[in-house]
Structure formats: structure tokens, C-alpha cells
Amino acid sequence: MKLSRKAAAAVLAAALTLSLCVISALPGGQPRMDAMTYNIDILPARDLRPVVDGPETEADYTPPAQAIHTAAQKDEAAAEASAEVPAPEAPAREKTESAAPAQPAQPASSTSVLAVGVTADSVRLRAAANTGSAILAELNRGTAVSILGRQDGWYKVNYDGKTGYMSADYVTARSSAGDLRCVARVISDGLNLRSGAAASGAVLATVSRGEYVDVSGFENGWFRVQYSGKTGYMSGDHLTLAAARPAAPAPAPAAPTTPAVPASGTGAEIAALARSFVGKAPYVYGGAGPSGFDCSGFTMYIYGQFGIRLPHGATDQMRYGAAVDRSQLQPGDLIFFHDDYYSSSTASHCGIYVGNDQFVHASTYGSGGVLLTALNGNPYYSAHYIAARRMG
């Protein structure tokens, strides 16, 4: 008998139901389903699939294959798009290293002085770069020196006119400094004080060999100095640092109460006018007026009041008038001095003799200014006297 398709399906369903009933009646109870169940603790994540009708927010949820495929397509598209724009070329190792921030460059020196050094306790200045060489000087803590170079752990330095070597272990080198406090001596003729630390700076003043200036800084091989009320720069090639100015000579004795040796005519008047400026006018380098003088500016001004025209310069003034023997000096005579330590010129200083072994002059010694000083009674001036001239 031929069953219809519908009837066949019903018979099959009944048979399956009967089979399940038989199985459930067998010993062992419920059917064993472990072999059909995934153990998600050991399977790799790529093998996980969503539970049918289960929540889509399970912790181990993996997107369907279609979603994964779509994401892969997006990644591939992005890769293709980025491939169209060439990637920047990776810099070579040498370029990377050269691109690193450079250390600040040391300021270049435009003179032979490369830096200034400040010493530790009792540092010895030696004739050569070794401990067996002669000791030229021994410097105290904080002494400033000019550094000219370096050799085998030693600095080549200049100090107070001496050039030698100091162990670099005991000298702090500074390529620039704004807080130096020392003095320096001019070691060249006619050294210019300039407005900046370069030879192109405007000239503020000119300083003679042997004169001292106050140092307050260092830059580009030039020292910042104060001189005659002006602040500017002087080349390190023409200065030597020193601890202090030389001690001033003994103060001049007080002016005598007795009148000066009488003289006739213009000489006595010249002496009287010169004495009237004592203690009343300061020393000013280049000064030749009543408000301030240097030595030859003072004599030029005094004689000028009597119609005697003199140049500004002690050596040049020695060419005027008539020679006078030292034993025959009279008030109003022009007298001259020379000191190799301060100047190589024929005359380094001048003044006006006023009688009673005294002369009036503009000087930097002591408090500075127009001073009354003994001639033969002062060891320094007595030893450095060289000539006298009488005007008129």
C-alpha cells in the first residue's frame, strides 16, 4: 500500500518518538550529551560561535564570519589607500644622530684670550706644563687669570705680566663672565676703550701703557672695564690681570705755612694759579679744563692762561722753553718724570714747580686729582725726575 507523503512523515515522527522513549527507559538515566557540547575553556576563540537565540553581549562573543569579513575588507581598503601615498623615507642613522640637539657653542674669542680662569687655594703658576718646572707665582683663591690655551691637563695663562701654566684641576675656566671683580694693567701704548666687545666698537677713550682699569666682565676675548667714569671693552691682547693697583706713594706733607720762594713776574703768577687748584679738581683722563685734568692737560691749561700754548702730552711739552738744571729750579718751571713701569714714552708725567721743594700736578695716586707733592722729599718722584723747562 502506497502511503501519501504526508502519512509517511507522520509514521516517521511516531517511530522517532517511540525510540526516544525506549532510550530513556534504559539504565543510566538521561542521555549523555557531552560529546556534542563545546568546552569553551579550551577551545581557541576563533572556534567559538554564537549560541542560537543567545545574547549578543556574551564575554566570549565573536562576530559572525560575515562581520569579520567586512572588517577585513575595510582593513584591506585602508591598506590600499595608504599604499597610494608613499611613506616618508626613514632617516639614515647618521642623519638621526646629526639631528640631535647640539650642545651650545662656546663663544668664539676674537683675541688670544680664550677664557678667564678663577683659581682655587694656592695655585702655582709654573714656567712649563709640569710640576718640575720653575714656580713663577703662587696665586690665592679667587684670583682671576687670562687663559690662552690648554696642554696635557694644564692651562696656559697670563697673570700680572707673566705667562705660564696652571693645573686645570685647580682653575675654573669660563668662556664668558659678568661678575669679575679685579683690575688690569694696560700693556700697550694708546689702548682704546670701545663701546662693544669687538674692534668695530666706537672709541670711548684711549688709555696709556701702565695705567690700571677696573674689570667687571669678560666676553668674546674682551674685558669689560671701567675707566675715567666710562664703561666699555678692552681687548684681552693688551691687558694683564692683576690683584690690585700698586700701593700709592707716601702722602705728601702738608703745605708749609711759610710763603713760597719769591720769584719775579710770570713764574710766581703761574705757581700761584697752579696752587689754587690743589684739592679742587679731579683727575680726568684727557681732561684739560677747570673741571678735571690729566697731568699734561693741567700744565697746558695753567700755562695757557698766560698766553703760553703747549701741546697735550708730557713728551711733547719737553720740547718747549729752555732747559733748567735741577739745582736752579724756580716757581713756574715745568718739571718732568719717567717710569718704565707705566710708559715707554720719554716722559710719563709732568707738573709745575712752585718752590719750597714742592710741585703741583694732576695724578691718579691716592684720592686722585690736583695734588701738592714734595720733589726731593718724596723718594718716588725724586728717583723718577728727568728734566725741567722754563717758559718765557
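The values are calculated or read from the model by the stated rules, or taken from the named source; none is laboratory data. A quick note: this is a predicted structure, and the numbers were derived from the prediction, not measured. In this analysis, Cβ positions are derived from the backbone assuming ideal geometry, glycine residues included, and neighbour counts consider all displayed protein chains. The accessibility values were calculated without ligands, DNA or RNA, using every heavy atom of the protein model including side chains. Shrake-Rupley method; radii C 1.70, N 1.55, O 1.52, S 1.80 Å.
Residues in segment 282-295 that are in contact (Cβ under 8 Å) with a residue 40 or more places away in the chain and over 37 Å from the mean Cα position of the chain (by Cα): 0 in all. Would it be correct to say that Ala323 is touching a residue at least 60 places away in the same chain (Cβ under 8 Å), within 37 Å of the chain's Cα centre (by Cα) and within 20 Å of Ser382 (Cα to Cα)? Answer is no for this residue. Residues of segment 186-227 that are open to solvent by 30 Å² or more (accessible area, probe 1.4 Å) and not in a loop (DSSP other than H, G, I, E, B): Asn192, Arg194, Val203, Leu204, Thr206, Asp214, Glu219, Arg224, Gln226. Looking across segment 120-134, the residues that are small (Gly, Ala, Ser), touching a strand residue (DSSP E or B) at 6+ places or on another chain (Cβ under 8 Å) and at negative phi come down to Ala120, Ala127, Ala128, Ala129, Ser133, Ala134.
Of all residues assigned to segment 327-335, none qualifies as being open to solvent by less than 40 Å² (accessible area, probe 1.4 Å) and out of contact with any strand residue (DSSP E or B) (no Cβ under 8 Å at 6 or more places or on another chain). Only one of these conditions is not met by Ile386: (1) in contact with a His (Cβ under 6 Å, 6 or more places away or on another chain); (2) within 19 Å of Tyr283 (Cβ to Cβ); (3) open to solvent by 50 Å² or more (accessible area, probe 1.4 Å). Which number is it? Single failed check for Ile386: (2).
If you go through segment 139-162 and keep only what is farther than 20 Å from His238 by Cα, of a type outside the set (S, T, N, Q) and not in a strand (DSSP E or B), you end up with Arg141, Gly142, Asp152, Gly153. Evaluating Tyr165 against the criteria (1) more than 20 Å from Ala120 (Cα to Cα); (2) open to solvent by 20 Å² or more (accessible area, probe 1.4 Å); (3) part of a strand (DSSP E or B) leaves one unmet condition, (1). Considering segment 267-320 alone, what residues qualify as being of a type in the set (Val, Ile, Thr), over 24 Å from Ser345 (Cα atoms) and open to solvent by less than 20 Å² (accessible area, probe 1.4 Å)? Passing the criteria: only Ile270. Scanning segment 336-377 for residues that are crowded, with 20+ Cβ neighbours inside 10 Å and out of contact with any strand residue (DSSP E or B) (no Cβ under 9 Å at 6 or more places or on another chain) returns a single hit, Gly355.
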